[in-house]
1. Please indicate, with yes or no, whether at least one residue in the range 25-38 is surrounded by 11 or more Cβ atoms within 10 Å (Cβ to Cβ), closer than 19 Å to residue 97 by Cα and charged (D, E, K, R).
2. Yes or no: the range 49-71 includes at least one residue that is closer than 23 Å to residue 133 by Cβ, under 12 Å from the mean Cα position of the chain (by Cα) and not β-branched (Val, Ile, Thr).
3. Consider residue 30 carefully, then state whether it is in contact (Cβ under 8 Å) with a residue 40 or more places away in the chain, farther than 29 Å from residue 134 by Cβ and either assigned by TED's automatic domain parsing to the domain that holds residue 131 or not charged (D, E, K, R) (or both).
4. Please go through (1) β-branched (Val, Ile, Thr); (2) more than 17 Å from the chain's Cα centre (by Cα); (3) within 29 Å of residue 133 (Cβ to Cβ) for residue 46 and return the number of the only condition it doesn't satisfy.
5. Can you go through 14, 34 and tell me which one is assigned to a helix (DSSP H, G or I) and at pLDDT below 95?
Amino acid sequence: MWMIFALLSAVFAALTSILAKIGIDGVNSNLATAIRTVVVVVMAWIMVFLTNVQGGIGEISRKSWIFLILSGLATGASWLCYYRALQIGEASKVVPIDKLSVVITLILAFIFLHEEFTVKSLIGCVLIGAGTLIMVI
């Protein structure tokens, strides 16, 4: 089931890039990010209430709060940078560079989460990096 959600995530991420590139025309990138963020927040809270999990807020540990907040800050920074890059660059070049996050995530997961970094992971990272370089040159 996780793979279906991961594929849907990729499809929606692709749509996000195309729709954002069209929508950001003539709009300040920070303002566009703020509008997008409000929509995401409303949508997320609707899902929380539809699935009736709002009562779980009190059960969240201090550590989880800290790391969820840090993750939110990283997401915000990523979105602000992404929208600015998308506004001044071509989507076909911005998006592949943005997807280098896959390589960076694998490296950080190895360092901080002690996840296994295999030959297959290394080959994938090299191919993603090479593919990105080819696409943006």
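1. No, the range 25-38 contains no residue that is surrounded by 11 or more Cβ atoms within 10 Å (Cβ to Cβ), closer than 19 Å to residue 97 by Cα and charged (D, E, K, R).
2. We begin by selecting, within the range 49-71, every residue closer than 23 Å to residue 133 by Cβ; these are none.
Taking every residue of the range 49-71 in turn, none turns out to be closer than 23 Å to residue 133 by Cβ, under 12 Å from the mean Cα position of the chain (by Cα) and not β-branched (Val, Ile, Thr).
3. Details: in contact (Cβ under 8 Å) with a residue 40 or more places away in the chain: yes; farther than 29 Å from residue 134 by Cβ: yes; either assigned by TED's automatic domain parsing to the domain that holds residue 131 or not charged (D, E, K, R) (or both): yes.
When the stated conditions are applied, residue 30 passes them.
4. It fails just one condition, (3).
5. Values: 34 fails: at pLDDT below 95.
Selected residue: 14, the only one of 14, 34 that is assigned to a helix (DSSP H, G or I) and at pLDDT below 95.
The values are calculated or read from the model by the stated rules, or taken from the named source; none is laboratory data. Keep in mind that what you see is a predicted model, and the values were worked out from it rather than measured. Positions of Cβ are backbone-derived with ideal geometry, glycine not excepted, and every protein chain shown enters the neighbour counts.
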